[in-house]
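Below: the structure, in structure tokens.
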Amino acid sequence: MSLSAYEDLVHELARLDADSAASNAQATKRLSRRHEALSALRSDLDEQTGSLAELCAALRHTAPDLTPEPGEGEEVDAVLSRARVALREAESARIATVRAAQRPTMLPKAHHVLRELLLYGACMAACFGAQMLYLAVTGGGESTWWVMFLPPVAAALVGYMLVGAANKPRLPLLDRNGKPVKTVVPHNPRLGVTLAVCTMALFAYFAFFA
């Protein structure tokens, strides 16, 4: 082998070693970036899982299974990208769920007077139905006065409790520091009293005048 050929071979080996070293360095950098991305994703996922578990416990709902499905034949970068998208969607869904749970339980977008009217009205309708059933069975009597007054009063009290439960959100509002703010539950007992008086008057009409 001539000296020139030997030198060419040495230069070729040196070039191959340099290329191999550069490839290994690039592979190491890619692997390091993937490890960093995976660690950050794992941290975000743990935080999201903890927040979701607390939310499910507060709402008395079974926490979903967040075990990721194994991806076969997918590139690592594609899996990480898909996981980031899913994590952002889960965060958006969690925030939307929290905001919905911080609204009143019944008809969250409606005015509280409408909820109160529906609840008090339902209680008074049931009360009037029971009064009319009593009137149909007994035909009236000495207890008619008690039946005219007591059931509407009881229905108004039941409606008051139902209104409190319907107007109260399942989760409290939070201030800027993340501390719960005392919930102000609107009540309108005058509406219940008004409907109770109307129920009494309607029953009195059927019991004494019709």
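Cβ neighbours within 10 Å, averaged per peptide: list 164-170, 146-152 in order, most packed at the top.
Ranked by mean Cβ neighbours within 10 Å, highest first: 146-152, 164-170.
Hydrodynamic estimate: the Kirkwood radius of the range 112-209 over Cα pairs, inserted into Stokes-Einstein at 25 °C and 0.890 mPa s, corresponds to D of 165 µm²/s.
Using only the Cα atoms of the range 94-158, what semi-axes does the equivalent ellipsoid have when each is the square root of 5 times a gyration tensor eigenvalue? Give whole Å, largest first. Numbers along the way, then the final one.
Numbers: eigenvalues 291, 18, 13 Å².
For the range 94-158, the semi-axes come out at 38, 10, 8 Å.
Taking a sphere under 14 Å around the Cβ of Gly164 and counting the other residues whose Cβ falls inside, with K and R at +1 and D and E at -1, yields a net charge of +2.
Values quoted throughout were computed directly from the atomic coordinates according to the rules given, and no laboratory measurement underlies them. Given the structure is predicted, the values throughout are model-derived calculations rather than measurements. Using ideal geometry, Cβ is built from the backbone for each residue, glycine included, and neighbour counts are taken over all protein chains shown.
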